[in-house]
Amino acid sequence: MIRIPVALGPRGYDVVVGRGILAGEAVAGAPFLPPHRPVERAFVVSDPRVARAWLGPAEAGLLAAGVGGVVHLPIPEGEQAKSLQVVEALCRQLAVQEAHRDDLVVALGGGVAGDVAGFAAATYMRGVPFLQVPTTLTAQVDAAIGGKTGVNLPEGKNLVGAFHQPVGVVADVLTLVTLPEREFRSGLAEVAKVALVFGGDLLEALERDPGPLLAREPGALEEAVARCVRAKAEVVAADERDEGRRLVLNYGHTLGHALERLDAFAGRTHGEGVAVGMAFAARLAEATGVAGPGLVSRHARLLASLGLPGGGPLPAADDVLRAFRMDKKYRGGARFVLLAEAGSAVVVPEVPEGVLRSVREERGAGRAGPVDTGGGDPAGEGSER
Ligand SMILES: NC(=O)c1ccc[n+]([C@@H]2O[C@H](COP(=O)([O-])OP(=O)(O)OC[C@H]3O[C@@H](n4cnc5c(N)ncnc54)[C@H](O)[C@@H]3O)[C@@H](O)[C@H]2O)c1
Ligand SMILES: [Zn+2]
C-alpha cells in the first residue's frame with residue numbers, strides 16, 4: 001500500500017494506492033476519517049454497473065472502519081449523470097435522510113461519480129466531508145485528486161462546479177480488472193500524458209515494456225497509478241485553484257476538448273481525444289521550434305504501443321479553429337501546453353491560427369495518420385459500453 005500526501009495544509013489529505021485495499025486495510029485503517037468524532041453514516045454514490053461490482057467490498061471496508069451505517073445513493077451511468085438535476089436528486093436524498101456534517105459522502109466510481117458526488121458534497125449544507133473511491137484508471141490517476149468537482153450544462157461541459165477537496169482518496173487498483181477495455185485504454189492516455197509531461201521513471205517504464213500494464217498486472221497498475229498520483233499531487237499542492245502550474249496537466253487537451261465538442265467526432269472517448277491531441281501538440285512543438293526533431297516519432301511510438309490513436313481523421317481546419325475559439329482561455333490564438341522535450345512542458349499562450357492551420361493541413365484533411373490506431377478505434381466500433 002502506497003500513501004501519497006497531497007500537501008494542502010488544512011485541506012491536505014492522503015491518496016492511498018494499493019491492491020485489494022477497498023474492503024480491508026485502507027478503509028479500516030481509516031486515515032481519512034476525522035479522528036475526533038465517529039462518522040455516523042456514509043452515503044455512497046455510484047452507478048448501477050459500479051455498484052454491482054464494488055459496492056459490497058466498499059461497504060464492508062467502511063463498516064470495518066467504524067462507520068455507523070452505509071446508504072447507497074444511485075446515479076445514472078455515464079456523462080449524462082453530470083447534471084444539476086442529478087445533484088438536486090442527491091441533495092434531496094441527503095436531506096430526506098437527514099444527512100449532516102458528521103456524515104460522509106463517498107464517490108465510488110469513475111470521474112463522473114467523483115464530479116457529481118463531489119459537487120453535491122461541496123454544496124449540500126455548504127459542504128460536507130467527501131471521500132473519493134475511484135474505480136476507473138482515469139479517476140485514479142487524475143479525476144479523483146485535486147478537488148475539482150462539477151457538472152455540465154446543455155451549453156457546455158463542467159460549467160458549474162466548485163473546488164472541494166476530499167478527505168482522502170482510496171485507489172484500489174484491483175477494481176480496474178472489471179473495467180471495459182476501451183475505458184481502460186482511455187485512462188492509459190492520461191497515464192501517457194503524465195509520462196510525457198513529467199518524464200522520469202514512468203516514461204522509461206512505459207517505453208521499455210508496456211506489456212504488464214496493458215495486461216493489468218496488479219503490480220504494474222499499482223506502480224503506474226502511484227507515479228501518476230505523485231505527479232498530480234505535486235502539481236495540485238503547488239496550484240490548488242488551477243491558476244498556473246496545474247495547466248501542464250492539460251497537455252493534449254486543447255485539441256482533445258475541441259474534438260469532444262465536435263459532434264462528428266463524438267465517438268471518441270476522452271482519452272482517445274487526448275491521445276490525438278498530444279500527437280498534434282508534438283507536431284506543433286516541432287513546427288514552432290519549441291521542440292527539436294524526434295518528439296513526434298516518440299509520441300507515435302508510445303501511443304501506438306498503448307493501443308491509442310496518434311492520428312486518424314481530424315475535422316476540417318475551420319471547425320477545429322472555431323472550437324478552439326470557444327475555449328475560455330482563447331486570446332487571438334489558442335493556448336497550448338507544448339513539450340520542449342519529454343519531461344519539459346511549456347505553456348505557449350497564443351499559438352497563431354496560421355501555424356495551427358498549417359500543422360493541421362500537414363497531413364491533408366481527413367487522411368488517416370501514420371500511426372496504427374490499434375485498439376483505440378476512434379470511430380467508435382468495438383466500444384464495450
Ligand atoms: N474533476 C477532475 O479533475 C476531472 C479530471 C478528469 C476527468 N474528469 C471527469 O471525469 C469524467 C470521466 O471519467 P471516467 O473516464 O472515469 O468515466 P465514467 O465515470 O463515466 O466511467 C466510465 C464507465 O466505466 C464504468 N465503470 C467505472 N468503474 C468501473 C469498474 N471498476 N468496472 C466496470 N465498470 C466501471 C462506469 O459505469 C462508466 O460506464 C468526465 O466527466 C470528466 O469531465 C474530472
Ligand atoms: Zn483528461
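The values are calculated or read from the model by the stated rules, or taken from the named source; none is laboratory data. All of these numbers come straight from a predicted model, not from anything done at the bench. We place every Cβ from the backbone using ideal geometry, glycine too, and count neighbours over all the protein chains shown.
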Checklist entry - Restricting attention to the stretch 35-68, which residues are touching a strand residue (DSSP E or B) at 6+ places or on another chain (Cβ under 7 Å), surrounded by fewer than 16 Cβ atoms within 10 Å (Cβ to Cβ) and modelled with pLDDT of 95 or more? => result P48
Checklist entry - Looking at (1) surrounded by 24 or more Cβ atoms within 10 Å (Cβ to Cβ); (2) within 16 Å of ligand 2 (Cβ to nearest atom), which is the one condition that is false for N152? => result (1)
Item to check | Test for R241: is it touching a strand residue (DSSP E or B) at 6+ places or on another chain (Cβ under 7 Å), among the charged types (D, E, K, R) and part of a loop (DSSP other than H, G, I, E, B) | outcome: yes
Checklist entry - List the pairs whose first member sits in the stretch 77-88 and is touching a residue at least 60 places away in the same chain (Cβ under 8 Å), whose second member is surrounded by fewer than 20 Cβ atoms within 10 Å (Cβ to Cβ) and assigned to a helix (DSSP H, G or I), and whose Cβ atoms are under 8 Å apart, counting only residues at least 6 apart or on separate chains? => result V87/T123
Checklist entry - From the set of residues in the stretch 112-129 that are surrounded by fewer than 24 Cβ atoms within 10 Å (Cβ to Cβ) and of a type in the set (G, A, S), which is farthest from P76 (Cα to Cα)? => result G127
Checklist entry - Taking the stretch 177-206 as the region of interest, how many residues are assigned to a helix (DSSP H, G or I) and either in contact with a strand residue (DSSP E or B) (Cβ under 7 Å, 6 or more places away or on another chain) or within 21 Å of T269 (Cα to Cα) (or both)? => result 19
Checklist entry - Looking at the stretch 186-199, is at least one residue surrounded by 20 or more Cβ atoms within 10 Å (Cβ to Cβ) and near ligand 1 (Cβ under 7 Å from one of its atoms)? => result yes
Next on the checklist: Can you go through L131, L159, L174 and tell me which one is under 28 Å from R227 (Cβ atoms), assigned to a strand (DSSP E or B) and touching a strand residue (DSSP E or B) at 6+ places or on another chain (Cβ under 9 Å)?
Outcome noted: L131
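Residue-by-condition table, conditions (1) away from ligand 2 (no atom under 16 Å from the Cβ); (2) out of contact with any Asp or Glu (no Cβ under 8 Å at 6 or more places or on another chain):
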{"position": "E77", "(1), (2)": "yes, no"}
{"position": "Q93", "(1), (2)": "yes, yes"}
{"position": "L104", "(1), (2)": "yes, yes"}
{"position": "G114", "(1), (2)": "no, yes"}
{"position": "V133", "(1), (2)": "yes, no"}
{"position": "D142", "(1), (2)": "no, no"}
